[in-house]
Every structure is written in structure tokens, then in C-alpha cells.
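Following: one structure in C-alpha cells, then a few remarks.
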Ligand SMILES: Cc1ncc(COP(=O)(O)O)c(C=O)c1O
């Protein structure tokens, strides 16, 4: 941990002076570079005009495309801006429905850490298109069971939609190995929810072998709220005709036809915050300046330190998994998770509560209605984690 320039990380992050922020899986503290870029852009827009500022600053507005392509090992033509992870997911999923790539009465396979908004979309698909959802089992520690995954994939399966890191516990699913299983089992589309792993863990879409990847900007990437990313592999772009198209992603040819753009810009609406796009690009560049592997290593070490401290005071750590990350979930017998959150808030420490309603397929069978979620970023310190343990040690 000594090699990491923690002074620079904290000096770049004004929020560190005010709070111990362990809600990075909710929304992390942005670095000044991101906030300054967003605020500066809005100010220039206010005095220069929205369209005029857009024309003058297009390279900065478009930077997210190549910067995120670098983060993900993708081509910039495969990257689309989205307002959130869920927005990215919906655009891809319903666009695949339109073209019949995910046809009515087909099956979508998910894992047990599937996030609420993705599962809700699948329930809608079930309600209106008779799509069936099959759930791959997890092994004893909660990780996707690859044997179960393989056994579920047959010719009825149109999509396999897996979660890299769930919202509610710190295990990392083996999405690369799962990708190999999907590829060997047929032609199903492989979608990965990387919402909690973008900026947190190294991601390479070629190694993962995914067709679609969705993520958000505000979490571990430290981008502005209202930003997200949709990656669609070049080979799949033509098979997605997204809902809600407008004149920037498609061309109105004549009274009976339209043509979608050939790259990922077809997934983007005309109207979105240019300031937020600028901020997303700056956040991606900033993440690259640290290196995602170095970031991930530091986060992982801090998280293990916190887990050991929690075990030391008798708290129950709820993160299973062979590979774990910066999301630390736990509970104490003497307080409810909400009481723990309030206790820590009073000590100037932000944590959140992971609720079963966000991850029913995993939390319900484990008998965990809710858990305290302390999600660590690289700008956190051992001293901050000691403060958590000290606050929790109170009777
Ligand atoms: C694992 C996971 N997937 C998807 C989402 C949805 O992200 P968004 O709120 O950006 O739509 C979340 C949000 O917490 C999440 O944790």
C-alpha cells in the first residue's frame, strides 16, 4: 500500500477532508478534475449558449468514447453514452427484442447476484413476450457455478446476462470463464453487468468475450451522476434497434423508412448533458492515470483489512467468494443495519444498507434481509477504517 500516492489521491478529492466516504458502491467522491470540468462547462454554456458551446467544445464532450474504450479494451465506435447502467441495459435489451435477437418465448439466463432493475426488465419481458428467466446456481460461497450455467444453455437461450460484482456483497464473479462457457454452448448473446466493477477492477471486453457490457459513471469510476456507458461489440450493433430513437442516432430517409447509424452512436439520444459527458471523459482519463490494476490492488488490500477488523470485533462478514473486492458487507447482532448506518453517520462515516429488495435471488435464500455495505475506494485510508472499527466497537 505504501507505493500508492495516497496524498495525491486525497488532495485531488476535496470530500476526503469532510467525511469518511465508504459509499463508493453508491456514488463515490469525484476528484476535483471532474467537478471542475462539469461546473466549468456549465458556466461556459450559461454565457455562451448551449449549442454554441457544444460546437466549440466537441472534442472534450466526445472524449468519453475513446477514454472508456481504453478502460474497457474496446473500440471507440463500440461505446455509447448512457444516463445510467439501467438506461444502458434497457437500450440494449429492448433493442434486441425489436429485432428478434431476443425473441418472444426465448430464455434469458441470469446469475444469483442479478440486480433489481435488470430483473424487473426481464419480468416485463416475461409479462409481454413470454420470455422465461432461468437462474444459474451459485456454489457454496456464492460464486456462479459454471457447471450449472453450462447445463442451462440450450437452443432456447437467447441471452446470458451475468453480474460481475453484485450490488450487495463483495464477491467477484468469474465473468471471463463464464464467457468461455457461453461461447462453447452456442450463439446466445452474452451481456455483462459491470456497474460495480468499472473503475474498480480491470475489465477487458475481449478477454471477457461479452457482446454487451453496461456500467454507470458515478460509482467506482468517480464520474458525475447521470452518466453511464453501454458497450456493444461491433458484431452485434446491427442486431440492436433501440427504443426511443431520434434524429441523432438515426436518419429519417422518407415517409416510410429510417436508417440507424452504423456504430454505437445509434444508442444515444440527441439530448443529454454535455457537461456530464465532459465529466465522464475526465473521470475515465483520471482513472487511467492511476491505472485500474493499481487501483484494484489497493482497494482489495484495504477491504481485507476492514474485513479482518470486523471479524476481530465479532461482526459477521457476509462477503463470500473466492475473489473479493472493495464492497464489504456485514452485520452486528446488537444493531440493525440501519442503526449501524446511523451510528456511523454520527461519527462522520458514510456507509449504506444493502437491501434484499435489490438482490432477491441471492439475499433471500441466504436469509439476509439487509446488510451494512461499506464500499472502499483507493482514497480511503487504514486510519479511516480504524475509525469505523472504533465506532462499531461501542456497545
Ligand atoms: C450491480 C448493479 N447493477 C446495476 C445497477 C444499476 O445502476 P444504475 O443505478 O446506474 O442504473 C446497480 C446500482 O446500484 C448495481 O449495483
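For the pair the range 281-299 / the range 173-206, the C-alpha centres are spaced 20 Å from each other. Length, then width, then depth: along the principal axes, the Cα atoms of the range 82-189 run 36, 32, 21 Å.
Kindly provide log₁₀ I(q)/I(0) values, in the same order as q = 0.14 Å⁻¹, from the Debye equation applied to equal alpha-carbon scatterers of the range 96-138. Debye output, listed in q order: -0.30.
Packing, taken as the mean count of other beta carbons within 10 Å per residue, orders the peptides 101-114, 355-368 from highest to lowest as 101-114, 355-368.
Across the chain, Cα pairs under 8 Å and at least six residues apart give a relative contact order of 24 percent. Scoring 177-190, 319-332 by mean Cβ neighbours within 10 Å over their residues and listing the highest first yields 319-332, 177-190. In this simple spin-label approximation, residue 336 and residue 11 carry label points 7 Å from Cα along the Cα→Cβ vector, and these lie 4.5 nm apart. When peptides 35-42, 378-385, 343-350 are sorted by average Cβ neighbour count within 10 Å, with the highest value leading, the order is 378-385, 35-42, 343-350. Per residue, the chain reaches -12500 deg cm²/dmol at 222 nm when only DSSP H runs of four or more residues are counted, each adding -39500 (n - 2.57).
Across all Cα atoms of the chain, the radius of gyration (one decimal) and Dmax (whole number) stand at 21.2, 72 Å.
Considering only 338, 58, 122, the mean-square fluctuation computed in a Gaussian network model of the chain, springs between alpha carbons under 10 angstrom, is largest for 58.
Apply 1/(1 + (r/R0)^6) to the Cβ-Cβ distance of residue 382 and residue 257, taking R0 = 41 Å, and write down the FRET efficiency to the nearest 0.05. Efficiency at R0 = 41 Å is approximately 0.10. Distance from the Cα centroid of the range 221-256 to that of the range 54-96 is 9 Å (rounded to whole angstrom).
P(r) tail for the range 45-93, what percent of Cα pairs lie past 13 Å? Cα-Cα pairs of the range 45-93 separated by over 13 Å account for 66 percent.
If you take the alpha carbon radius of gyration of the range 1-120 and divide it by 2.2 N^0.38 Å, what ratio comes out, to two decimals? Ratio of Rg to 2.2 N^0.38 Å for the range 1-120: 1.44. A straight line joining the Cα centroids of the range 1-52 and the range 108-137 runs 35 Å.
None of the figures in this text is laboratory data; all of them are computed from the coordinates on show. Not measured: the values here are computed from a predicted model. Positions of Cβ are generated from backbone atoms using ideal geometry, with glycine treated the same way; all protein chains shown enter the neighbour counts.
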